[in-house]
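Undergrad: Here's a structure for you.
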Amino acid sequence: MFSNSTYIKLTVFADPFAVDLKIKEFLSKYSEKDQGFEEYLSLRPVTDIYLHTGKVKGGIGKRSEITLIYLFLGVVIFTIVITALNFINSTTAQTMSRELEMGIKKVMGSSRFDLAMQFFAESAVLIIVALFFALLLSAILLPAFGNILYRNLTFDFARDWDFLLKVILGSFLVGILAGLYPVVLLARLQLSSFLQGVSSLHRKSKLRKFL
């Protein structure tokens with residue numbers, strides 16, 4: 001029993017919870033206790049085999065726990081947030097250092113929309129370059145990382161095109177969100193103050209300190 005996986009197909013009208021209660025005490029009735037530990041039988045959906053049965057005794061195949069997936073997902077989200085905040089800070093500092101350039105362009109007739117599109121275009125170029133190197137490093141380092149984990153990890157761009165598309169769209173979404181604050185900061189640039197030689201941008205922003 002413990003060296004094999006047992007699959008049970010219930011009828012359409014069967015109640016899985018009722019069946020689970022019926023088979024739960026089977027081992028305690030017909031087998032001896034092992035050093036004070038009691039073992040129980042229980043039903044698990046087929047969809048739970050690989051990510052929700054890591055602590056279940058018996059069965060075959062490679063199994064894991066969804067908790068590990070959530071842990072790595074949390075690390076990824078935290079890394080993305082930190083990267084976005086760093087990008088916002090660096091872009092904001094660059095905006096302040098380019099106040100003269102922005103002021104001259106406004107004098108020459110550039111609108112707020114034109115300047116905003118310039119910053120979004122610059123962000124898009126950075127995203128494309130960073131995404132290219134990220135995918136390249138993933139393709140190179142993934143097999144070596146798989147050897148450490150004893151897993152055959154590969155990334156096939158042709159087969160995993162839907163995942164690749166999500167990565168590209170997600171990257172541009174994060175880039176656009178991260179570029180919103182510099183654009184808002186750019187909107188504060190007053191042409192009258194610039195012509196008088198006075199900066200209209202708040203260099204000691206509380207939000208920048210918080211970020």
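The values are calculated or read from the model by the stated rules, or taken from the named source; none is laboratory data. If you're wondering where the values come from, they're calculated on a predicted model, not measured in any experiment. In this analysis, Cβ positions are derived from the backbone assuming ideal geometry, glycine residues included, and neighbour counts consider all displayed protein chains. We work out accessible area using only protein heavy atoms, side chains counted, and drop any ligands, DNA or RNA first. Shrake-Rupley method; radii C 1.70, N 1.55, O 1.52, S 1.80 Å.
Undergrad: Going from most exposed to least, what order do Arg44, Arg159, Arg98 have by accessible area with a 1.4 Å probe? Don't jump to the answer; show the numbers that get you there.
TA: Values: Arg44 120, Arg159 150, Arg98 35 Å².
Reading off the accessible areas and sorting them downward yields Arg159, Arg44, Arg98.
Undergrad: Reachable aspartates and glutamates from Lys105, Cα under 15 Å, same-chain residues fewer than 8 places away excluded?
TA: Reachable aspartates and glutamates: Asp114.
Undergrad: If we count every other residue with Cβ under 13 angstrom of Pro45's Cβ, Lys/Arg +1 and Asp/Glu -1, where does the sum land?
TA: Numbers: positive: Lys9, Arg44; negative: Asp20, Asp48.
For residues surrounding Pro45, the net value is 0.
Undergrad: Sort Val12, Val76 by accessible area with a 1.4 Å probe, largest first. Mind dumping the intermediate values first?
TA: Details: Val12 135, Val76 75 Å².
Listed by decreasing accessible area, they come as Val12, Val76.
Undergrad: Right, here's the next one. So if we plug the beta-carbon distance of Leu169 and Ile69 into 1/(1 + (r/R0)^6) with R0 = 30 Å, what FRET efficiency do we get, rounded to 0.05?
TA: Details: r = 21 Å, r/R0 = 0.71.
According to the calculation, E is roughly 0.90.
Undergrad: For Asp48, what accessible area in Å² do you get when you roll a 1.4 Å probe over the heavy atoms of the protein chains, rounding to the nearest 10?
TA: Result for Asp48: roughly 40 Å² accessible.
Undergrad: Ignoring ligands, DNA and RNA, how do Ser28, Ser123 rank by accessible area with a 1.4 Å probe, largest first?
TA: Values: Ser28 50, Ser123 10 Å².
Descending order: Ser28, Ser123.
Undergrad: Still on this model: To the nearest 10 square angstrom, how much accessible area does Thr154 have with a 1.4 angstrom probe?
TA: Thr154 exposes around 80 Å² with every protein chain in place.
Undergrad: What's the local net charge at Gln118, with K and R +1, D and E -1, over the other residues with C-beta under 13 Å away?
TA: Details: positive: Arg98, Lys105, Lys106, Arg112; negative: Glu101, Asp114, Glu122.
It works out to a net charge of +1.
Undergrad: Sticking with this one: Would you mind computing, in nm to one decimal, how far apart the modelled labels at Ser110 and Lys209 are, each placed 7 Å from Cα along Cα→Cβ?
TA: Output for this residue pair reads 3.1 nm.
Undergrad: For Val107, what accessible surface area do you get with a 1.4 Å probe? Give it in Å², rounded to 10.
TA: Rounded to the nearest 10, the figure is 80 Å².
Undergrad: Calculate, for Lys22 and Arg44, the FRET efficiency according to 1/(1 + (r/R0)^6) with r their C-beta to C-beta distance and R0 25 Å; round to the nearest 0.05. Don't skip to the end; give the middle numbers.
TA: On the way: r = 15 Å, r/R0 = 0.61.
Step by step, r from the Cβ atoms, then E = 0.95.
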